[in-house]
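For reference, the structure is listed below as C-alpha coordinates.
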Amino acid sequence: MSKAQTAVITGAGSGFGLEAARIAAARGMNLVLVDVQADALDKAAAEFTNVEVLSRVVDVAKAEPMQALVDAVQQRFGAPHFVFNNAGVGSGGLIWENALSDWEWVMGVNVMGVVHGVRLFTPMMLAAAKADPAYAGHIVNTASMAGLLVPPVSGVYNVSKAAVVALTETLHHDLRLVTEQVHASVLCPFYVPTGISQSHRNRPGDLPGSKPTTSQIVSQAQTDKAVSSGKLTAADVAAMVFDAIDHDKFWIFSHPKALAGVQTRMEDAMLLRNPTDPYASRPDIGDALKARLRAE
(Lines give C-alpha, C1' and ligand atoms only; values in the text may rest on other atoms or scores of the structure.)
Protein backbone atom coordinates (compact mmCIF):
# COMPACT_ATOMS: atom_id res chain seq x y z
CA MET A 1 0.00 0.00 0.00
CA SER A 2 1.49 3.35 -1.06
CA LYS A 3 2.69 5.72 1.67
CA ALA A 4 2.03 8.78 -0.48
CA GLN A 5 -1.09 10.80 0.17
CA THR A 6 -4.08 9.94 -2.01
CA ALA A 7 -6.54 12.27 -3.73
CA VAL A 8 -9.91 11.06 -5.04
CA ILE A 9 -11.34 13.34 -7.71
CA THR A 10 -14.71 12.93 -9.42
CA GLY A 11 -15.29 14.76 -12.68
CA ALA A 12 -11.55 14.33 -13.25
CA GLY A 13 -11.69 14.14 -17.04
CA SER A 14 -11.92 17.89 -17.62
CA GLY A 15 -12.16 21.32 -16.08
CA PHE A 16 -11.49 21.84 -12.41
CA GLY A 17 -11.24 18.12 -11.70
CA LEU A 18 -8.39 17.67 -14.17
CA GLU A 19 -6.60 20.78 -12.91
CA ALA A 20 -6.93 19.56 -9.32
CA ALA A 21 -5.40 16.26 -10.41
CA ARG A 22 -2.47 18.13 -11.95
CA ILE A 23 -1.76 19.97 -8.71
CA ALA A 24 -2.17 16.80 -6.65
CA ALA A 25 0.27 14.99 -8.94
CA ALA A 26 2.75 17.85 -8.67
CA ARG A 27 2.56 17.34 -4.90
CA GLY A 28 3.37 13.66 -5.34
CA MET A 29 -0.05 12.27 -4.46
CA ASN A 30 -1.60 9.04 -5.66
CA LEU A 31 -4.53 9.86 -7.94
CA VAL A 32 -7.94 8.27 -8.07
CA LEU A 33 -9.52 9.73 -11.20
CA VAL A 34 -13.25 9.28 -11.70
CA ASP A 35 -15.41 10.40 -14.61
CA VAL A 36 -18.41 9.19 -16.57
CA GLN A 37 -16.80 10.01 -19.93
CA ALA A 38 -14.35 7.21 -20.71
CA ASP A 39 -12.36 8.89 -23.49
CA ALA A 40 -11.76 12.06 -21.46
CA LEU A 41 -10.78 9.98 -18.43
CA ASP A 42 -8.32 7.88 -20.42
CA LYS A 43 -6.72 11.01 -21.85
CA ALA A 44 -6.45 12.55 -18.40
CA ALA A 45 -4.99 9.44 -16.80
CA ALA A 46 -2.35 9.18 -19.53
CA GLU A 47 -0.93 12.53 -18.43
CA PHE A 48 0.28 11.22 -15.10
CA THR A 49 3.30 9.01 -15.42
CA ASN A 50 5.18 9.87 -12.23
CA VAL A 51 2.49 9.02 -9.67
CA GLU A 52 0.26 6.03 -9.05
CA VAL A 53 -3.10 6.33 -10.80
CA LEU A 54 -6.35 4.45 -10.37
CA SER A 55 -8.92 5.56 -12.96
CA ARG A 56 -12.50 4.37 -13.08
CA VAL A 57 -15.55 5.18 -15.17
CA VAL A 58 -18.30 5.75 -12.61
CA ASP A 59 -21.72 7.35 -12.63
CA VAL A 60 -21.49 9.07 -9.25
CA ALA A 61 -25.28 9.26 -8.98
CA LYS A 62 -25.47 5.51 -8.47
CA ALA A 63 -24.74 3.90 -5.13
CA GLU A 64 -23.38 0.54 -6.24
CA PRO A 65 -20.67 1.84 -8.61
CA MET A 66 -19.63 4.36 -5.94
CA GLN A 67 -19.37 1.59 -3.35
CA ALA A 68 -17.24 -0.41 -5.78
CA LEU A 69 -15.02 2.65 -6.25
CA VAL A 70 -14.57 3.05 -2.51
CA ASP A 71 -13.68 -0.62 -2.13
CA ALA A 72 -11.08 -0.32 -4.91
CA VAL A 73 -9.54 2.77 -3.30
CA GLN A 74 -9.39 1.03 0.09
CA GLN A 75 -7.70 -2.00 -1.42
CA ARG A 76 -5.19 -0.05 -3.52
CA PHE A 77 -4.31 2.93 -1.34
CA GLY A 78 -6.19 2.76 1.94
CA ALA A 79 -8.11 5.77 3.18
CA PRO A 80 -7.72 8.82 0.94
CA HIS A 81 -6.41 12.09 2.33
CA PHE A 82 -8.34 14.29 -0.07
CA VAL A 83 -11.75 13.75 -1.65
CA PHE A 84 -13.00 16.14 -4.30
CA ASN A 85 -16.71 15.53 -4.89
CA ASN A 86 -16.62 17.59 -8.04
CA ALA A 87 -18.64 15.89 -10.80
CA GLY A 88 -21.48 18.14 -11.90
CA VAL A 89 -23.98 18.76 -14.69
CA GLY A 90 -26.27 21.63 -15.58
CA SER A 91 -29.76 22.16 -16.94
CA GLY A 92 -31.57 25.46 -17.46
CA GLY A 93 -34.90 26.96 -18.44
CA LEU A 94 -38.00 28.08 -16.57
CA ILE A 95 -38.28 25.80 -13.58
CA TRP A 96 -41.68 24.33 -14.49
CA GLU A 97 -40.43 23.45 -17.97
CA ASN A 98 -37.82 20.99 -16.72
CA ALA A 99 -38.86 17.41 -17.27
CA LEU A 100 -38.73 14.85 -14.50
CA SER A 101 -35.74 13.36 -16.31
CA ASP A 102 -33.91 16.71 -15.97
CA TRP A 103 -34.51 16.69 -12.22
CA GLU A 104 -33.41 13.08 -11.88
CA TRP A 105 -30.23 13.63 -13.88
CA VAL A 106 -29.08 16.89 -12.27
CA MET A 107 -30.05 15.99 -8.71
CA GLY A 108 -28.57 12.53 -9.20
CA VAL A 109 -25.13 13.76 -10.24
CA ASN A 110 -24.91 17.07 -8.37
CA VAL A 111 -26.52 16.04 -5.09
CA MET A 112 -26.44 12.25 -4.77
CA GLY A 113 -22.94 12.16 -6.23
CA VAL A 114 -21.78 14.34 -3.34
CA VAL A 115 -23.92 12.41 -0.87
CA HIS A 116 -22.30 9.13 -1.91
CA GLY A 117 -18.82 10.64 -1.74
CA VAL A 118 -19.45 11.97 1.75
CA ARG A 119 -21.25 8.98 3.22
CA LEU A 120 -18.76 6.43 1.84
CA PHE A 121 -15.39 8.17 2.17
CA THR A 122 -15.86 10.05 5.45
CA PRO A 123 -16.01 6.92 7.65
CA MET A 124 -12.78 5.66 6.03
CA MET A 125 -11.09 8.98 6.72
CA LEU A 126 -12.30 9.08 10.32
CA ALA A 127 -11.04 5.54 10.90
CA ALA A 128 -7.66 6.52 9.48
CA ALA A 129 -7.57 9.57 11.76
CA LYS A 130 -8.36 7.46 14.81
CA ALA A 131 -5.62 4.98 13.89
CA ASP A 132 -2.96 7.60 13.13
CA PRO A 133 -2.63 10.93 14.99
CA ALA A 134 -0.58 12.24 12.06
CA TYR A 135 -3.31 11.60 9.48
CA ALA A 136 -5.03 14.66 8.03
CA GLY A 137 -7.95 14.56 5.61
CA HIS A 138 -9.96 17.11 3.67
CA ILE A 139 -13.20 16.86 1.70
CA VAL A 140 -13.99 19.49 -0.94
CA ASN A 141 -17.49 19.57 -2.40
CA THR A 142 -18.09 21.57 -5.57
CA ALA A 143 -21.21 23.73 -5.31
CA SER A 144 -21.65 27.00 -7.23
CA MET A 145 -22.52 30.64 -6.73
CA ALA A 146 -25.84 29.53 -8.25
CA GLY A 147 -26.54 27.81 -4.95
CA LEU A 148 -26.25 31.17 -3.16
CA LEU A 149 -27.60 33.59 -5.78
CA VAL A 150 -30.42 31.48 -7.31
CA PRO A 151 -30.47 33.19 -10.72
CA PRO A 152 -33.53 32.88 -13.01
CA VAL A 153 -33.89 30.16 -15.66
CA SER A 154 -31.42 27.93 -13.80
CA GLY A 155 -33.79 26.37 -11.29
CA VAL A 156 -32.81 22.71 -11.27
CA TYR A 157 -29.13 23.59 -11.11
CA ASN A 158 -29.73 26.19 -8.36
CA VAL A 159 -31.62 23.69 -6.23
CA SER A 160 -28.89 21.08 -6.60
CA LYS A 161 -26.09 23.47 -5.70
CA ALA A 162 -27.97 24.98 -2.76
CA ALA A 163 -28.24 21.43 -1.46
CA VAL A 164 -24.47 20.95 -1.79
CA VAL A 165 -23.82 24.14 0.18
CA ALA A 166 -26.16 23.00 2.98
CA LEU A 167 -24.72 19.49 2.96
CA THR A 168 -21.14 20.76 3.19
CA GLU A 169 -21.83 23.28 5.95
CA THR A 170 -23.46 20.49 7.93
CA LEU A 171 -20.49 18.22 7.21
CA HIS A 172 -18.15 20.92 8.54
CA HIS A 173 -20.11 21.20 11.79
CA ASP A 174 -20.50 17.45 12.19
CA LEU A 175 -16.79 16.79 11.63
CA ARG A 176 -15.89 19.39 14.24
CA LEU A 177 -17.89 17.41 16.77
CA VAL A 178 -15.85 14.25 16.33
CA THR A 179 -12.35 15.09 15.07
CA GLU A 180 -9.72 17.76 14.52
CA GLN A 181 -8.05 15.77 11.73
CA VAL A 182 -10.64 15.80 8.93
CA HIS A 183 -11.89 19.06 7.44
CA ALA A 184 -14.33 20.20 4.76
CA SER A 185 -14.58 23.03 2.25
CA VAL A 186 -17.19 24.09 -0.27
CA LEU A 187 -16.19 25.44 -3.67
CA CYS A 188 -18.58 28.03 -5.12
CA PRO A 189 -17.27 29.04 -8.54
CA PHE A 190 -18.96 31.68 -10.65
CA TYR A 191 -18.54 31.55 -14.43
CA VAL A 192 -15.37 29.61 -15.16
CA PRO A 193 -14.66 27.73 -18.42
CA THR A 194 -14.81 24.08 -17.30
CA GLY A 195 -17.08 22.26 -19.74
CA ILE A 196 -20.09 22.09 -17.42
CA SER A 197 -22.10 24.29 -19.78
CA GLN A 198 -21.87 21.41 -22.26
CA SER A 199 -22.63 18.70 -19.72
CA HIS A 200 -25.55 17.41 -21.79
CA ARG A 201 -22.88 15.52 -23.74
CA ASN A 202 -22.86 13.06 -20.83
CA ARG A 203 -26.60 12.82 -20.31
CA PRO A 204 -27.42 9.12 -19.84
CA GLY A 205 -29.22 7.43 -22.69
CA ASP A 206 -31.97 6.19 -20.39
CA LEU A 207 -33.02 9.77 -19.62
CA PRO A 208 -35.02 10.96 -22.60
CA GLY A 209 -34.39 14.54 -23.66
CA SER A 210 -37.26 16.51 -25.15
CA LYS A 211 -37.08 19.37 -27.63
CA PRO A 212 -35.73 22.43 -25.78
CA THR A 213 -38.13 25.26 -24.95
CA THR A 214 -37.43 28.92 -25.69
CA SER A 215 -36.36 29.51 -22.08
CA GLN A 216 -33.98 26.55 -22.22
CA ILE A 217 -32.43 27.82 -25.45
CA VAL A 218 -32.03 31.29 -23.93
CA SER A 219 -30.57 29.86 -20.73
CA GLN A 220 -28.05 27.78 -22.66
CA ALA A 221 -26.99 30.80 -24.72
CA GLN A 222 -26.60 32.95 -21.60
CA THR A 223 -24.54 30.29 -19.86
CA ASP A 224 -22.34 29.64 -22.90
CA LYS A 225 -21.62 33.35 -23.25
CA ALA A 226 -20.89 33.91 -19.57
CA VAL A 227 -18.73 30.81 -19.21
CA SER A 228 -16.73 31.44 -22.38
CA SER A 229 -16.03 35.03 -21.33
CA GLY A 230 -14.81 34.02 -17.86
CA LYS A 231 -11.39 35.48 -17.13
CA LEU A 232 -10.42 32.97 -14.46
CA THR A 233 -9.40 29.52 -15.65
CA ALA A 234 -10.10 26.14 -14.12
CA ALA A 235 -6.41 26.02 -13.20
CA ASP A 236 -6.77 29.29 -11.28
CA VAL A 237 -9.68 27.84 -9.32
CA ALA A 238 -7.80 24.61 -8.58
CA ALA A 239 -4.94 26.66 -7.13
CA MET A 240 -7.46 28.51 -4.92
CA VAL A 241 -8.82 25.20 -3.69
CA PHE A 242 -5.44 23.85 -2.65
CA ASP A 243 -4.67 27.14 -0.92
CA ALA A 244 -7.93 26.76 1.00
CA ILE A 245 -6.98 23.21 1.96
CA ASP A 246 -3.54 24.34 3.12
CA HIS A 247 -5.08 27.04 5.32
CA ASP A 248 -8.28 25.23 6.37
CA LYS A 249 -10.65 27.70 4.73
CA PHE A 250 -14.24 26.51 4.42
CA TRP A 251 -15.58 28.93 1.80
CA ILE A 252 -13.88 29.02 -1.59
CA PHE A 253 -15.14 31.74 -3.93
CA SER A 254 -13.68 32.22 -7.39
CA HIS A 255 -15.29 35.65 -7.72
CA PRO A 256 -15.62 37.33 -4.29
CA LYS A 257 -17.31 40.38 -5.86
CA ALA A 258 -20.36 38.19 -6.48
CA LEU A 259 -20.86 38.03 -2.71
CA ALA A 260 -22.57 41.43 -2.88
CA GLY A 261 -25.49 39.60 -4.46
CA VAL A 262 -25.48 37.05 -1.65
CA GLN A 263 -25.57 39.87 0.89
CA THR A 264 -28.54 41.43 -0.90
CA ARG A 265 -30.34 38.09 -0.88
CA MET A 266 -29.74 37.62 2.85
CA GLU A 267 -30.88 41.17 3.54
CA ASP A 268 -34.06 40.49 1.54
CA ALA A 269 -34.78 37.60 3.88
CA MET A 270 -33.85 39.43 7.08
CA LEU A 271 -35.94 42.47 6.14
CA LEU A 272 -38.84 40.31 4.92
CA ARG A 273 -38.38 41.98 1.55
CA ASN A 274 -39.37 40.28 -1.67
CA PRO A 275 -36.40 38.99 -3.66
CA THR A 276 -34.45 41.76 -5.38
CA ASP A 277 -34.58 41.82 -9.18
CA PRO A 278 -31.41 40.00 -10.31
CA TYR A 279 -31.29 42.32 -13.32
CA ALA A 280 -31.57 45.54 -11.28
CA SER A 281 -28.08 46.64 -12.35
CA ARG A 282 -28.63 45.54 -15.98
CA PRO A 283 -32.31 46.22 -16.77
CA ASP A 284 -31.55 45.97 -20.49
CA ILE A 285 -30.78 42.27 -20.06
CA GLY A 286 -33.84 41.67 -17.91
CA ASP A 287 -36.13 43.53 -20.34
CA ALA A 288 -34.76 41.62 -23.32
CA LEU A 289 -35.29 38.29 -21.52
CA LYS A 290 -38.87 39.22 -20.56
CA ALA A 291 -39.63 40.27 -24.11
CA ARG A 292 -38.27 37.03 -25.51
CA LEU A 293 -40.20 34.83 -23.08
CA ARG A 294 -43.46 36.77 -23.26
CA ALA A 295 -43.48 36.72 -27.06
CA GLU A 296 -44.24 32.99 -26.95
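A single entry from ALA7, ALA99 fulfils the requirement of being modelled with pLDDT of 95 or more and not basic (Lys, Arg): ALA7.
Considering each of ALA99, ALA38 in turn, give the residue that is surrounded by fewer than 23 Cβ atoms within 10 Å (Cβ to Cβ), among the aliphatic types (A, V, I, L, M) and touching a residue at least 40 places away in the same chain (Cβ under 8 Å). Can you show your working first?
Details: ALA38 fails: touching a residue at least 40 places away in the same chain (Cβ under 8 Å).
Sole residue among the options that is surrounded by fewer than 23 Cβ atoms within 10 Å (Cβ to Cβ), among the aliphatic types (A, V, I, L, M) and touching a residue at least 40 places away in the same chain (Cβ under 8 Å): ALA99.
What's the number of the only condition in (1) surrounded by fewer than 22 Cβ atoms within 10 Å (Cβ to Cβ); (2) at pLDDT 95 or above that GLY195 fails to meet? The failed condition is (2). Looking only at the range 242-274, count how many residues are at negative phi, in contact (Cβ under 8 Å) with a residue 60 or more places away in the chain and not hydrophobic (A, V, I, L, M, F, W, C). Result for the range 242-274: 5.
Filtering the range 287-296 to residues that are in contact (Cβ under 8 Å) with a residue 24 or more places away in the chain and surrounded by 11 or more Cβ atoms within 10 Å (Cβ to Cβ) leaves LEU289, ARG292, LEU293. Only residues that are out of contact with any strand residue (DSSP E or B) (no Cβ under 8 Å at 6 or more places or on another chain) and of a type in the set (A, V, I, L, M, F, W, C) were counted in the range 157-189, giving 6. Residues of the range 258-286 that are assigned to a loop (DSSP other than H, G, I, E, B) and either surrounded by 11 or more Cβ atoms within 10 Å (Cβ to Cβ) or not hydrophobic (A, V, I, L, M, F, W, C) (or both): ARG273, ASN274, PRO275, THR276, ASP277, PRO278, TYR279, SER281, ARG282.
For the range 244-274, a residue qualifies if it is within 18 Å of the chain's Cα centre (by Cα), modelled with pLDDT of 95 or more and not aromatic (Phe, Trp, Tyr), and the qualifying residues are ALA244, ILE245, LYS249, ILE252.
For (1) touching a Ser or Thr at 6+ places or on another chain (Cβ under 8 Å); (2) assigned to a helix (DSSP H, G or I); (3) aromatic (Phe, Trp, Tyr); (4) buried (at least 19 other Cβ atoms within 10 Å of the Cβ), each residue gets a yes or a no:
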residue: ILE139; (1), (2), (3), (4): yes, no, no, yes
residue: SER144; (1), (2), (3), (4): no, no, no, yes
residue: LEU148; (1), (2), (3), (4): no, yes, no, yes
residue: TYR157; (1), (2), (3), (4): yes, yes, yes, yes
residue: ALA163; (1), (2), (3), (4): no, yes, no, no
residue: ALA166; (1), (2), (3), (4): no, yes, no, no
residue: ASP174; (1), (2), (3), (4): no, yes, no, no
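Against the conditions (1) under 22 Å from the mean Cα position of the chain (by Cα); (2) surrounded by 14 or more Cβ atoms within 10 Å (Cβ to Cβ), ALA68 satisfies every one except (2).
Taking into account only those residues within the range 106-137 that are touching a strand residue (DSSP E or B) at 6+ places or on another chain (Cβ under 8 Å), β-branched (Val, Ile, Thr) and without any contact (Cβ under 8 Å) to a residue 60 or more places away in the chain, which is surrounded by the fewest Cβ atoms within 10 Å (Cβ to Cβ)? Here the residue is VAL118.
The values are calculated or read from the model by the stated rules, or taken from the named source; none is laboratory data. Model, not experiment: these values are computed from the prediction. All Cβ positions, even for glycine, are placed from backbone atoms using ideal geometry, and neighbour counts span all protein chains on display.
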